[in-house]
Amino acid sequence: MKKIFKYFVFTLLFGFFAFLFAGVNYVMPHYSATTIKGIEVKRVDKDGPISKANPADGPTQDMYYIYTQKPDNDEKVMVYRNEDTRWGFPFYFKFDSANLQAQAQSFSVGNKLVQIKSYGWRITMLNEFPNVISIKHLDNANDVAKPILSYVLYILLACALFFSVQFVRGWFDSKE
């Protein structure tokens, strides 16, 4: 029985740290070198884009989308949403989505190489897109920024996981 409880505690511990790692991965910025191929604005409500099949049934807003393609691979495309975070979580305090959309439009005209800073995940089945935080012109695809703070947080979480496992092991081994 004690062994089952020990494995149960380890399962909870690993589940908790998996949740923390996923949270860091979702919230912290990602950087990608890409070219912008197009932009679009859709009217959406809480259920998604408004259409005949999904009429507006509450407050609506404009959702900006940015379509990109990897410069070295014609098949690798990505869709981003461009939405203000305002005062909400995660705290990027982004209020300039319309300006960012105009900037994306100007980069798409010249087919220029850009760095897109975004957070979030692309989940196709749930129609979820990463949110763009900023767009910057790049001269070289190798000049993409690295998410240093994310790396630091991953290392800290890995150390915390290691020490938590050692603590739990010591706790159960001392009772034998």
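Descriptive notes on the structure:
- For the stretch 45-98: span of alpha carbons on each principal axis (Å, largest first): 42, 33, 18
- Helix axis angle, 97-109 relative to the chain longest principal axis, alpha carbon, degrees: 70 degrees
- Selection among GLY58, GLN103, ILE39 by position relative to the dipole of the chain gives GLY58 as farthest towards the positive end (Cβ unit charges, Cα centre).
- Straight-line cross-link partners of LYS76 among the lysines, defined as a Cα under 28 Å from its Cα and at least 8 positions apart when in the same chain: LYS37, LYS42, LYS94, LYS112, LYS117, LYS136, LYS146.
- Aspartates and glutamates with Cα under 18 Å of LYS52, excluding same-chain neighbours fewer than 8 positions away: ASP62
- LYS94 long-range amide H proximity, modeled H, under 5 Å: THR85, ARG86
- Its residue count N fixes a reference of 2.2 N^0.38 Å for the stretch 92-160, and the Cα radius of gyration divided by that reference is 1.37.
- Debye log10 I(q)/I(0) for the chain, one point scatterer per Cα, at q = 0.17, 0.20 Å⁻¹: -1.08, -1.34
- Under 15 Å from LYS3, Cα to Cα: aspartates and glutamates that are on another chain or at least 8 residues apart: ASP173, GLU176
- Residue among PRO147, PRO49, PRO71 with the largest mean-square fluctuation in a Gaussian network model of the chain, springs linking Cα atoms under 10 Å: PRO49
- Convex hull of Cα atoms in the stretch 56-143, direction-averaged projection (nm²): 7.3 nm²
Every read-out reported here was derived from the displayed coordinates using simple, explicitly stated rules and does not represent laboratory data. Bear in mind the structure is a predicted one, so any value in this text is a computation, not a measurement. We place every Cβ from the backbone using ideal geometry, glycine too, and count neighbours over all the protein chains shown.
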